[in-house]
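A.B. asks: First the structure, which I've put down as structure tokens, then a few questions once you've had a look.
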Amino acid sequence: MDDIQMDDEERWRDLDLLLTRPGRLVGPGFEPCPELRAFLQSPDCRILCVGAGGLGCEILKDLALSGVVHIDVIDMDTIDVSNLNRQFLFRMKDVGQPKATIAAERINARVPGVRVTPHFGRIEDQPADWYRSFAIIILGLDSLEARRYMNSVVCGFLEYDDTGQPDLSTVKPMVDGGTEGFKGHARVILPGHTPCFECTLWLFPPQTKFPLCTLAETPRSAAHCIEYAHLILWGQVRPGEEFDTDSEEHMKWVYERAAERAKQYGIHGVTYQLTQGVVKNIIPAIASTNAIISAQCVLEALKTLTCFSTGLDNYMMYVGSTGLYTHTAKYEKDPNCPICSAGVPVEVDPDCTLQQFIDHLRSDPSLGKHLSAPSVSFGATNLFAHGVFEAETAPNLSRRMADLVPDDGTILTVNDKRLRGPMRVRVRYSSSMKA
């Protein structure tokens, strides 16, 4: 098979059929032409895959076999022997090596012409402009916090015009996939047009919590022993040291202490793999589920980039535990979302001071969790800013809001080190509100 050579016309025949013929189900503005494949394979169409685990391996494979040439992958994890049953790009000899590096090497060696660039590190360590350079971002993550971080990154690029409409040139498309055993989902996020993660946090159920009294006094399962070592014993034995879920030494410490406690209470089933699953809240992955969700994610990415077919609007759920079931839903944007909305309405007394307004933002149940030391600006004018402009803007803290922002309905920009992008708030003056 290795001796068989195919020219580009034969190799990409099926892709060209999608990109060069019209139809009634195409996306808005679709113009069939051979230049679309040239675009997909050009440096202008760089695609980022976030995560190189079970889902990420499938996404990389599907992208490469779908004609995409320029692919980047970022992951902070190294390969563990427990990954090998479903993360098919890795071998036993790769254990301990960075997932992103090995995944890129395997795809580059297997698919002629593709150029996968690996990045071994944390997503938080990359600057915003690096993410801005990609045509689209595909997430293959197993963490809600990582998803929320990437959501804040792409929404941070979003800008609105004076009428509250999103500037299309600032919309960074993102496709997210997720799997939990025989269940999975794929969703398309177009900031400003479709709901972002923050708009639909209710889709993610809260993690299972155990009463501390049960963990400490009456453990009845292997999970109880593991959580006792993780939540109680760690702080007692290693006070002041933060537990790192990505540290092998920390995880082994919890496993060993959990195994001792399980033996003490006659409980069976504590393993290192279960310890990882409980501490990280990992649900066992199924290879076939990863393959199905990856195919949907890559298909949606290709549709978003070329419009050869109408895209998913905007969420697909898959359930494979009792047969084959899929369901699509069009979820709505939250008009008051602090991350992606054109302006969250905030009622303030026109006579309150800027300091009181900032305090109000920090105490707000929805907005305050995103803020620690906010700076506020009005257009290009800094009303109050930390850092080099703090001395210059500090006198404004005692001034009336009505003097600083005379017009009701004005959009103010709030920046904070907890935010990856600006938060927009719409000032609504209410004389009945107490400062």
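A.B. asks: Quick check on this structure: which one of Ala146, Ala109 is in a helix (DSSP H, G or I) and exposed (fewer than 15 other Cβ atoms within 10 Å of the Cβ)?
C.D. replies: Ala109
A.B. asks: Condition check: under 22 Å from Arg106 (Cβ atoms), among the aliphatic types (A, V, I, L, M), in the same structural domain as Ile107 (by the TED database) and at pLDDT 90 or above. Does Leu63 satisfy that?
C.D. replies: Taking the combined requirement at face value, the residue satisfies it.
A.B. asks: Next up: Among Thr326, Thr353, which is under 29 Å from the mean Cα position of the chain (by Cα) and more than 18 Å from Arg424 (Cα to Cα)?
C.D. replies: Testing whether each residue is under 29 Å from the mean Cα position of the chain (by Cα) and more than 18 Å from Arg424 (Cα to Cα) leaves just Thr326.
A.B. asks: Is there any pair linking a residue in the stretch 266-277 that is within 19 Å of Asn83 (Cα to Cα) to one that is part of a helix (DSSP H, G or I) and among the hydroxyl-bearing types (Ser, Thr, Tyr), with Cβ under 8 Å and at least six apart or on different chains, and which?
C.D. replies: Listed by first residue and then by second, the contacts come to Val270/Tyr255; Thr271/Tyr255; Tyr272/Tyr255; Gln273/Ser82; Thr275/Tyr255; Gln276/Ser82.
A.B. asks: Next question. Being of a type in the set (Asp, Glu), open to solvent by 10 Å² or more (accessible area, probe 1.4 Å) and within 23 Å of Asp313 (Cβ to Cβ), is that true of even one residue in the stretch 43-62?
C.D. replies: Just the residues of the stretch 43-62 that are of a type in the set (Asp, Glu), to begin with: 44, 58, 62.
Cutting the leftovers down to open to solvent by 10 Å² or more (accessible area, probe 1.4 Å) gives us 44, 58, 62.
Those left that are additionally within 23 Å of Asp313 (Cβ to Cβ): 62.
So far as the stretch 43-62 goes, yes, one or more of its residues are of a type in the set (Asp, Glu), open to solvent by 10 Å² or more (accessible area, probe 1.4 Å) and within 23 Å of Asp313 (Cβ to Cβ).
A.B. asks: What single numbered condition from (1) over 30 Å from Tyr272 (Cα atoms); (2) in contact with a Ser or Thr (Cβ under 7 Å, 6 or more places away or on another chain); (3) open to solvent by less than 50 Å² (accessible area, probe 1.4 Å) fails to hold for Leu25?
C.D. replies: Unmet condition: (3).
A.B. asks: Turning to a different aspect of this structure: Among the candidates Asp351, Asp403, single out the residue that is touching a residue at least 60 places away in the same chain (Cβ under 8 Å), outside the structural domain of Pro191 (by the TED database) and either part of a loop (DSSP other than H, G, I, E, B) or not hydrophobic (A, V, I, L, M, F, W, C) (or both).
C.D. replies: Being touching a residue at least 60 places away in the same chain (Cβ under 8 Å), outside the structural domain of Pro191 (by the TED database) and either part of a loop (DSSP other than H, G, I, E, B) or not hydrophobic (A, V, I, L, M, F, W, C) (or both) holds for just one of Asp351, Asp403, which is Asp351.
A.B. asks: Which of (1) open to solvent by 40 Å² or more (accessible area, probe 1.4 Å); (2) more than 19 Å from Ala295 (Cα to Cα) does Cys33 not meet, given it meets every other one?
C.D. replies: (1) is the only condition that Cys33 fails.
A.B. asks: Being within 23 Å of Asp167 (Cα to Cα), in contact with a strand residue (DSSP E or B) (Cβ under 7 Å, 6 or more places away or on another chain) and either hydroxyl-bearing (Ser, Thr, Tyr) or crowded, with 18+ Cβ neighbours inside 10 Å (or both) is the filter here, so list the residues in the stretch 372-381 that pass it.
C.D. replies: Those that are within 23 Å of Asp167 (Cα to Cα), in contact with a strand residue (DSSP E or B) (Cβ under 7 Å, 6 or more places away or on another chain) and either hydroxyl-bearing (Ser, Thr, Tyr) or crowded, with 18+ Cβ neighbours inside 10 Å (or both): Val376, Ser377.
Okay, residues lined up against (1) in contact with a strand residue (DSSP E or B) (Cβ under 6 Å, 6 or more places away or on another chain); (2) farther than 30 Å from Glu180 by Cβ:
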position	(1), (2)
Arg13	no, yes
Pro34	no, yes
Asp44	no, yes
Leu48	yes, no
Glu58	no, no
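A.B. asks: Suppose we filter the stretch 388-404 for residues that are farther than 13 Å from Ile358 by Cβ and of a type outside the set (D, E, K, R); how many remain?
C.D. replies: 5
A.B. asks: Then there is this: Could you list, in sequence order, all residues of the stretch 345-371 that are of a type outside the set (Asp, Glu), surrounded by fewer than 17 Cβ atoms within 10 Å (Cβ to Cβ) and farther than 21 Å from Leu201 by Cα?
C.D. replies: Gln355 - this is the single residue of the stretch 345-371 that is of a type outside the set (Asp, Glu), surrounded by fewer than 17 Cβ atoms within 10 Å (Cβ to Cβ) and farther than 21 Å from Leu201 by Cα.
A.B. asks: Also: Mind checking which residues of the stretch 321-337 are of a type in the set (Gly, Ala, Ser), without any contact (Cβ under 8 Å) to a residue 40 or more places away in the chain and either farther than 18 Å from Leu201 by Cβ or in a loop (DSSP other than H, G, I, E, B) (or both)?
C.D. replies: Gly323 - this is the single residue of the stretch 321-337 that is of a type in the set (Gly, Ala, Ser), without any contact (Cβ under 8 Å) to a residue 40 or more places away in the chain and either farther than 18 Å from Leu201 by Cβ or in a loop (DSSP other than H, G, I, E, B) (or both).
A.B. asks: Here is a check on your reading of the model: is Val95 hydrophobic (A, V, I, L, M, F, W, C) and more than 25 Å from Lys280 (Cβ to Cβ)?
C.D. replies: no
A.B. asks: For Ala342, indicate whether it is exposed (fewer than 14 other Cβ atoms within 10 Å of the Cβ), under 30 Å from Asn396 (Cα atoms) and either small (Gly, Ala, Ser) or at pLDDT 90 or above (or both).
C.D. replies: The answer is no for Ala342.
A.B. asks: Hey, another quick one. What number of residues in the stretch 85-102 are open to solvent by less than 20 Å² (accessible area, probe 1.4 Å) and in contact with a strand residue (DSSP E or B) (Cβ under 6 Å, 6 or more places away or on another chain)?
C.D. replies: 2
A.B. asks: Consider only pairs whose beta carbons are under 7 Å apart and that are at least six residues apart or on different chains; among these, list those whose first residue lies in the stretch 95-108 and is at negative phi and assigned by the TED database to the domain that holds Ile79 and whose second residue is open to solvent by 40 Å² or more (accessible area, probe 1.4 Å) and hydroxyl-bearing (Ser, Thr, Tyr).
C.D. replies: Close Cβ pairs satisfying both conditions: Gln97/Thr78; Pro98/Thr78; Lys99/Thr78; Ala104/Thr117.
A.B. asks: Could you count how many residues in the stretch 236-260 are over 30 Å from the mean Cα position of the chain (by Cα) and assigned to a helix (DSSP H, G or I)?
C.D. replies: 7
A.B. asks: Does Ser309 satisfy the condition of being under 30 Å from Ile136 (Cβ atoms) and open to solvent by 50 Å² or more (accessible area, probe 1.4 Å)?
C.D. replies: no
The values are calculated or read from the model by the stated rules, or taken from the named source; none is laboratory data. These numbers come from a predicted model, not from an experiment. Reconstructed Cβ throughout: ideal geometry from the backbone, glycine too, with neighbour counts over all protein chains shown. Note: areas computed on protein heavy atoms with side chains; ligands, DNA, RNA excluded. Shrake-Rupley method; radii C 1.70, N 1.55, O 1.52, S 1.80 Å.
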